[in-house]
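Inspection log for the structure reproduced underneath, given as structure tokens.
Read-outs throughout are calculated quantities, based only on the coordinates presented, and are distinct from any laboratory measurement. Just so it is clear, the structure is predicted and the values come from calculations on it, not from any experiment. Positions of Cβ are generated from backbone atoms using ideal geometry, with glycine treated the same way; all protein chains shown enter the neighbour counts.
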Amino acid sequence: MAGFAELGLSSWLVEQCRQMGLKQPTPVQLGCIPAILEGRDCLGCAKTGSGKTAAFVLPILQKLSEDPYGIFCLVLTPTRELAYQIAEQFRVLGKPLGLKDCIIVGGMDMVAQALELSRKPHVVIATPGRLADHLRSSNTFSIKKIRFLVMDEADRLLEQGCTDFTVDLEVILAAVPARRQTLLFSATLTDTLRELQGLATNQPFFWEAQAPVRTVEQLDQRYLLVPEKVKDAYLVHLIQNFQDEHEDWSIIIFTNTCKTCQILCMMLRKFNFPTVALHSMMKQKERFAALAKFKSSIYRILIATDVASRGLDIPTVQVVINHNTPGLPKIYIHRVGRTARAGRQGQAITLVTQYDIHLVHAIEEQIKKKLEEFPVEEAQVLQILTQVNVVRRECEIKLEAANFDEKKEINKRKQMILEGKDPDLEAKRKAELAKIKQKNRRFKEKVEQTLQRQKASRTDRRGRPPRARPEASLSLAPAQGPA
Ligand SMILES: Nc1ncnc2c1ncn2[C@@H]1O[C@H](COP(=O)(O)OP(=O)(O)OP(=O)(O)O)[C@@H](O)[C@H]1O
């Protein structure tokens, strides 16, 4: 099988791979690196933990070594932790180049970041929101000459929804040159291929893992059918068993809200499990500290929301527990992909309540694999049921007393002030952006309706019996909510 040298990488870069323990290119690297070196746009869809990051870092460093200038490359990624992780790979592999990188993410000082950007680093790794803020508020840097635009977790960046990046991406895409190489990577790329291919300016090279099952073979995927009311007792039981049966262990538990994340963390700590939380309501410094202590095994359990579901590469994680069944199969794929990485074994256990059966079926349909039941001694769970529920209730009361929700607002305002932003101005800007988006949406609907009417009238003119007046047919349609 070809080594890194056969892919067209210089000897210094091949040596860096060797020193980093990358002996043989993974399939996605074998596929994408030559195409990127040829100058093609690239869409890489490979399983979690299969080396997609190095698949774009290596060819970019190769090209940078041939034409060193700044700003050479812009990498966009959905979360702050991922930005730091990608920057680390650039730094380690690009060390002989004297690589200058710059991380632009929220929660950190804007003035310091603006200063770094003005020094024209070779590579900028950013979350879209903060980079767009810099583009709107200062002209001390330019991304007009970048050679590479990378979108890591591209389908997440382009996802429309409550936390979408659309408005910020529009600002960024307007500032980058049309003449560039666009590299898009994710483990769940194919769902949004149409939008992604629109981003690539020339015939992009598309590489997809050829495997019927969407998750990695080394991953043992289980489910546990539990009544909603006793779910936490099962969780404690699973963790206790895992701790008893393993010397060296570490678990990531995913849940769906910041509040549940906080409560579960408090509850598990009451049972003396070394636990730390990671969610978007924490201050940035707390988030980094939590992740660092989990990575160094000071804490054995990381309880996280989906802010940590994508991309995080923590080799020690043996088990992923889904405290809630993910609503989307692709969220499941990314969550369980935090274990069984780079060829290692791993296990994923999903707690399924009576309300989630359909979600499990959707997941099995998407990953093309059946989850197996995880065996549990119910009698052992019943023994701790009351104690767990009492402790959980105590934690909920403690959190309510600490005004967790109100804190959310206060934290947000404090954070903005720390970042040199005016919270009221920010709120006004957000309201204006929401209005623009609503106007765009209404405009698109009007255009759609006009096109439908024109199509209908063209059909009528071709001699078919005229249809009932549109108003009449609309009255049969379900009541239209406000646009
Ligand atoms: N050629 C290689 N040989 C061995 N290990 C590798 C190789 N390439 C990357 N790795 C390692 O594999 C792990 C996973 O890589 P990476 O985080 O890039 O995966 P990914 O495909 O981006 O995963 P995800 O979809 O979860 O983001 C990392 O620890 C990385 O150092």
Could you give the length gained by full extension between residue 434 and residue 240, i.e. 0.36 nm per residue of separation minus their alpha carbon distance, to one decimal place? 65.2 nm
Could you tell me which residue out of 129, 117, 103 lies farthest along the dipole of the range 1-157 toward its positive end? Charges go on the beta carbon: Lys and Arg +1, Asp and Glu -1, centred on the Cα centre. 117
Work out, step by step, the length gained on full extension between residue 368 and residue 272: first 0.36 nm times the residue separation, then minus their alpha carbon distance; give nm to one decimal. 30.7 nm
Percent antiparallel among DSSP beta bridges with both residues in the range 101-191, to the nearest 5? 0
Test of understanding: given the chain, find the longest segment containing no GluC sites (Glu not before Pro) that are in a DSSP loop and have at most 16 other Cβ atoms within 10 Å. 39-216
Excluding residues fewer than 8 places away in the same chain, name every one of the aspartates and glutamates whose C-alpha is closer than 13 Å to that of residue 120. 101
What FRET efficiency comes out for residue 119 versus residue 65 if R0 is 22 angstrom and r is the Cβ-Cβ distance? Round to the nearest 0.05. 0.65
How far apart, in nm, are the 7 Å Cα→Cβ label points at residue 173 and residue 328? 1.7
Add +1 for every Lys or Arg and -1 for every Asp or Glu among the other residues with Cβ under 14 Å from the Cβ of residue 250, and state the total. +2
Nearest 500 deg cm²/dmol is fine: what mean residue ellipticity at 222 nm does the chain get from its DSSP H runs of n ≥ 4 alone, each adding -39,500 (n - 2.57), divided by its residue count? -15500 deg cm²/dmol
Does the chain classify as rounded, prolate or oblate by the C-alpha gyration tensor (a ≥ b ≥ c root eigenvalues; a/c under 1.5 gives rounded; else a/b over b/c gives prolate, otherwise oblate)? rounded
Full-extension gain between residue 425 and residue 10, please, as 0.36 nm times their residue separation minus the C-alpha to C-alpha distance. 144.4 nm
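Tell me which DSSP H helices of the chain clear both cut-offs, 27 Å or more of axial length from alpha-carbon atoms and a mean Kyte-Doolittle hydropathy of at least -0.5.
Working: long enough: 378-401 (34 Å, 0.07); 423-461 (57 Å, -1.81).
Span-like helices, by this rule, are 378-401.
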Counting other C-beta atoms within 10 Å, which of 395, 32 has the fewest, and how do the rest follow? 395, 32
What are the aspartates and glutamates whose alpha-carbon lies under 14 Å from the alpha-carbon of residue 144, with same-chain residues fewer than 8 places away excluded? none
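With a sphere of radius 13 Å drawn around the Cβ of residue 41, what net charge do the other residues whose Cβ falls strictly inside it have (Lys, Arg +1; Asp, Glu -1)? Can you show the working numbers first?
Working: positive: 40, 147, 179, 180; negative: 38.
Here the charged neighbours net out to +3.
First check a/c for the range 219-408, with a ≥ b ≥ c the square roots of the eigenvalues of its C-alpha gyration tensor; if it is under 1.5, answer rounded, and if not, answer prolate when a/b is larger than b/c or oblate otherwise. Walk me through the numbers before you get to the answer.
Numbers: a/c = 1.34, a/b = 1.13, b/c = 1.18.
Verdict is rounded for the range 219-408.
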Inter-label distance for residue 95 and residue 19, nm, one decimal - labels placed 7 Å from Cα along Cα-to-Cβ: 0.4
Compute the signed sum of charges (Lys and Arg +1, Asp and Glu -1) over the other residues within less than 13 Å, Cβ to Cβ, of residue 222. -2
